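The values are calculated or read from the model by the stated rules, or taken from the named source; none is laboratory data. As the structure is a prediction and not an experimental result, all values here were calculated from the model. Cβ placement follows ideal geometry from the backbone for every residue including glycine, while neighbour counts extend to all protein chains displayed.
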Amino acid sequence: MVANKYISHDISNKADQEALNYAPINPPQAPHFALWIKEQLADKYGDKMVEQGGLRVYTTLDLDIQDLAQQAIATEVGKLKKQKVGNGAAMSLGRQPERFWQWSVQKIILQQMKTVK
């Protein structure tokens, strides 16, 4: 900026001495779901509208259930490192008791193991 005469050497030197304070980075919640929604919106409204249109998007995703599913999947996938399973999935058909979720996730992962062998 000094070379292009936008600021003086003094201002540049002062700026060099200031500490940079970055905002904390919060990982996105339900990233796969969020990206899928973004793709759906881009297909319908275009990339420019999605990126710059100031859209507010409301979904039916239940983050409590999402968190339970992610924890269950991470636990089960972690048990399968020797079988080289590195990813898992779950599908929700509605609000179900936690016991059902754990059973469903285990069943899905075991089905994945069968296809990996």
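Does Val2 fit the bill of being among the hydrophobic types (A, V, I, L, M, F, W, C) and modelled with pLDDT of 90 or more?
It is true that Val2 is among the hydrophobic types (A, V, I, L, M, F, W, C) and modelled with pLDDT of 90 or more.
I'm trying to understand the selection: among the residues of the stretch 52-84, which are surrounded by fewer than 11 Cβ atoms within 10 Å (Cβ to Cβ) and of a type in the set (D, E, K, R)? Scanning the stretch 52-84 gives Arg56, Asp64, Lys81, Lys82, Lys84.
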